[in-house]
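First the structure, in the form of structure tokens, and then the observations on it.
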Protein chains: 2
Amino acid sequence: MNIVFIGSGNVATHLAIAFKAMGADIIQVWSRDSRNAEILAAITKATPVKCWDSLDQTADCYVIAVKDDAIAEVASHLQDVRGVVVHTSGATEMDVLKGTGTGYGVLYPLQTFSKTKVVDLKSVPFCIEADRSETFEKIAAMAHLLSESVAEVNSEQRRILHLAAVFACNFTNHLYDLSSKLLQQHQLKFDLLKPLILETAFKVQHTQPAEVQTGPAVRNDLLTLEKHLDLLEGSPHLQDIYQLLSDSIKKTHL
Amino acid sequence: MNIVFIGSGNVATHLAIAFKAMGADIIQVWSRDSRNAEILAAITKATPVKCWDSLDQTADCYVIAVKDDAIAEVASHLQDVRGVVVHTSGATEMDVLKGTGTGYGVLYPLQTFSKTKVVDLKSVPFCIEADRSETFEKIAAMAHLLSESVAEVNSEQRRILHLAAVFACNFTNHLYDLSSKLLQQHQLKFDLLKPLILETAFKVQHTQPAEVQTGPAVRNDLLTLEKHLDLLEGSPHLQDIYQLLSDSIKKTHL
């Protein structure tokens, strides 16, 4: 299988390397950022491309992994290619690709990728959508090359998944950050919280989060809630977050 | 070493079983809830106790693992015991134990315990405080039986740690819960988010959370932020949380 990658950021890098490892040929890497394209092309033995005229029109698949607001523009250059065109975005509807390739769809890996950290894709859910069943089969076969978890998810569901991921991943990481800074202010090491953070994530792998909710809010321990708000007196911003999330826990559980 | 446990909840259960496994003798388990006391006593081959008059006065250590607001009352019954008295609370100052035993202090395991799940205590930070250095050595020796991570933490720092743990654990779990319910409303499985949740927790084991912050807020992707708020239109409560945490991410990063 021949694949052209459009984009050379975190998602493009992880997917291109993984496809290459599974025996696919990455024939070209297109990127606005020619330096990134060259790096990813070097790793995957592909040709870096900067100009749309040089794009190979005959690949089996074109994987668009660029910023959401650049997808439509990129798609306008893929009207005549003779392969399947997919984007990898959680928040962008499939139909932005209408008219491209010989079929189009979405290949959305539900994971957070950093350039510096290898992610085992085998357990990453790949959410797939396609213009028609023939294309779906092709995209699903590609996804199964990388992962054991492949699910059909339409554009509306994908939007919800992406939103839910903001709560479960982006906001969660920000809470880690706030707690880390709170400790730092008091000469305490963030290391102390790391086992707790891991255990909290482990727990919900086999139990519904609501069943393992702990802390002062779910116990309606008003004295501790008040003490905590007092401790945050110099940080009205943290007080607001503490109050809102504690109220939300109470609303859910009490 | 002989230990008496006061309390039979999650923390008491995990600690008593772990001490027993390391060769300590759990001689009594006191609990208001005699049924729980009987269960824990049976597991650890201890005697269940309900009445203060029956309390063995000669144990090496008395571990108080009851609700925060019950610690002071429990302590009033431990004035004359001939051993070290510790409580295990993150939010309670050490001096509530003043006058008890032949020395007193705190043995606070920074972890979230559920009855149904075994936790490997080896990596759990045990935060220790004591009335004097002799007591400190005794409590530290006990902690080292269970864990490789033992830290001296005074009452004020412990309060901050406990507060930081609310952000990093309790609030985080609640965000998992909110995302789980959002998916459920749209016939999507929470399973899809589980690898992402794990990876988010793994990432900060070796990297500062601020360095791996992802999502629309940190990119200042106003279009996606607006779309997400629209998607939450029927849930003003979730909109508030989304807005506040996104603003907080922007405030931190932009």
Study note, to complete from the structure: Dipole check, chain A, charges on Cβ (K,R +1; D,E -1), about Cα centroid: among A:Ala75, A:Ile26, A:Ser155 the Cα furthest to the positive pole belongs to A:Ile26
Exercise for review: Along Cα-to-Cβ, 7 Å out, sits the label point; list in nm, shortest first, how far the one on A:Val118 is from those in the other copies.
Suggested key: 3.0
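Before anything else, pin down the relative contact order of chain B: Cα pairs under 8 Å, at least 6 apart, normalised by residue count, whole percent. Walk me through the numbers before you get to the answer.
On the way: 371 pairs, mean separation 28.9, N = 254.
11 percent.
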Exercise for review: Would you work out the charge dipole size for the stretch A:137-225 about its Cα centre, treating the Cβ of every Lys and Arg as +1 and the Cβ of every Asp and Glu as -1, and quote it to the nearest 20 debye?
Suggested key: 260
Point to revise | Spatially proximal aspartates and glutamates relative to A:Lys203 (Cα-Cα < 18 Å; intrachain offsets below 8 disregarded) | key: A:Glu211, B:Asp120, B:Asp177, B:Asp191, B:Glu199
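Sum up the charges of everything whose Cβ sits under 13 Å from the Cβ of A:Phe202, counting Lys and Arg as +1 and Asp and Glu as -1, but leave A:Phe202 out. Kindly include the intermediate steps, with their values, before the conclusion.
Working: positive: A:Lys194, A:Lys203, B:Lys117, B:Lys194; negative: A:Glu199, B:Asp120, B:Glu199.
Computed value for this residue: +1.
Which whole-number percent gives the relative contact order of the stretch A:76-116, counting Cα pairs below 8 Å spaced six or more residues apart? Working shown, then result.
On the way: 54 pairs, mean separation 17.5, N = 41.
Worked out over the stretch A:76-116, it gives 43 percent.
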Check your understanding: Which angle between 0 and 90 degrees, to the nearest 10, do you get for helix A:155-165 versus the longest principal axis of chain A when only C-alpha atoms count?
Key -> 40
**Study point:** Among A:Gln111, A:Gln185, A:Gln157: highest mean-square fluctuation, GNM of chain A, C-alpha pairs under 10 Å
**Key:** A:Gln185
Review point. Dipole of chain A (Lys/Arg Cβ +1, Asp/Glu Cβ -1, origin at the Cα centre): which of A:Leu15, A:Leu222, A:Ile197 lies farthest to the positive side?
Key: A:Ile197
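Taking 28 Å as the cut-off for C-alpha to C-alpha distance, list the pairs among B:Lys115/B:Lys250; A:Lys181/B:Lys115; A:Lys227/B:Lys98; A:Lys181/B:Lys98; A:Lys115/B:Lys250; A:Lys227/B:Lys251 that go past it.
The answer is B:Lys115/B:Lys250; A:Lys181/B:Lys115; A:Lys181/B:Lys98.
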Check your understanding: Looking down the axis that turns B into A, which residue of B has the closest beta carbon, and how many Å out?
Key -> B:Ala201, 2
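Against the globular-protein guess of 2.2 N^0.38 Å, express the Cα radius of gyration of the protein assembly as shown as a ratio, rounded to two decimals. Could the numbers behind the result be given before it?
Working: Rg = 26.9 Å, N = 508, 2.2 N^0.38 = 23.5 Å.
So the Cα radius of gyration is 1.15 times the expected 2.2 N^0.38 Å.
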Review point. Taking Cα atoms, how many degrees apart are the long axis of helix B:194-203 and the longest axis of chain B, rounded to 10 and kept between 0 and 90?
Key: 70
Check your understanding: Which net charge results for the neighbourhood of A:Phe190, defined as the other residues with beta-carbon distances under 11 angstrom from its beta-carbon, given Lys and Arg at +1 and Asp and Glu at -1?
Key -> +1
Check your understanding: If you line up the Cα atoms of the stretch A:177-217 on their principal axes, what length do they span on each, largest first, in Å?
Key -> 34, 21, 13
Check your understanding: What whole-number value in cubic angstrom gives the convex hull volume per residue for the C-alpha atoms of the stretch A:1-148?
Key -> 95
Review point. How far is A:Ala70 from the same spot in each other copy, in nm, shortest first, if each label point sits 7 Å from Cα toward Cβ?
Key: 6.0
Review point. By counting other Cβ atoms within 10 Å of each Cβ, how are A:Ser34, A:Ser179 ranked from fewest to most?
Key: A:Ser34, A:Ser179
**Study point:** Sum of -39500 (n - 2.57) over DSSP H runs of 4+, divided by residues of chain B (222 nm, nearest 500)
**Key:** -12500 deg cm²/dmol
Review point. How far is it, in nm, from the label point at A:Asn220 to the one at B:His253 when both lie 7 Å from their Cα along the line to the Cβ?
Key: 3.8
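Where does the charge balance sit around A:Val106 when Lys and Arg score +1, Asp and Glu -1, over other residues with C-beta under 15 Å from its C-beta?
Net local charge, A:Val106 excluded: -3.
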Practice item. Please give the peptides A:128-140, B:59-71 ranked by average Cβ packing (other Cβ atoms within 10 Å per residue), highest first, as a rough proxy for protection. Key: B:59-71, A:128-140
Review point. Taking amide H positions as placed 1.01 Å from N in the peptide plane, with prolines and chain starts having none, which residues 5 or more places from A:Ser89, or on another chain, fall under 5 Å of its amide H?
Key: A:Leu107
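Give the whole-number value, in cubic angstrom per residue, of the convex hull volume spanned by the C-alpha atoms of chain B. If you can, show how the numbers build up before the last one.
Values: hull volume 39.4 nm³, N = 254.
Expressed per residue, the convex hull around the Cα atoms of chain B is 155 Å³.
What's the magnitude of the charge dipole for chain B around its Cα centre, counting Lys and Arg as +1 and Asp and Glu as -1 at the beta-carbon? Answer in Debye, nearest 20. Intermediate values should be presented prior to the final figure.
On the way: 23 positive and 30 negative charges, 118 e Å.
I would put it at about 560 debye.
Among A:His144, B:His228, which comes first, second and so on when ranked by fewest other beta-carbon atoms within 10 Å? Walk me through the numbers on the way to the answer.
Values: A:His144 14, B:His228 25.
Lowest to highest Cβ neighbour count: A:His144, B:His228.
Assigning unit charges at the beta carbon (Lys, Arg +1; Asp, Glu -1) and nothing else, what dipole magnitude in debye, to the nearest 20, does the protein assembly as shown show about its Cα centre?
Details: 46 positive and 60 negative charges, 135 e Å.
In total the dipole reaches around 640 debye.
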Exercise for review: Mind telling me which of B:Ala210, B:Ala72, B:Ala151 comes out most flexible in a GNM of chain B, alpha-carbon contacts under 10 Å?
Suggested key: B:Ala210
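Please compute the average number of Cβ atoms from other chains found within 10 Å of each residue's Cβ in peptide B:228-234.
Values: counts 7, 1, 1, 6, 1, 0, 0.
What the average comes to for B:228-234 is 2.
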Check your understanding: Angle between the Cα long axis of helix B:133-146 and the longest principal axis of chain B, 0 to 90 degrees, nearest 10?
Key -> 60
Practice item. Starting from the alpha-carbon convex hull of the stretch A:182-254, give the projected area averaged over all orientations, in nm². Key: 5.5
Point to revise | Packing-based exposure ordering (other Cβ within 10 Å, fewest first) of B:Met22, B:Met94 | key: B:Met22, B:Met94
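All of the numbers you see were taken from the coordinates with simple rules; none came from a lab. Values in this document were obtained by computation on a predicted structure and should not be read as measured data. Cβ atoms come from the backbone with ideal geometry, glycine included; neighbour counts cover every protein chain shown.
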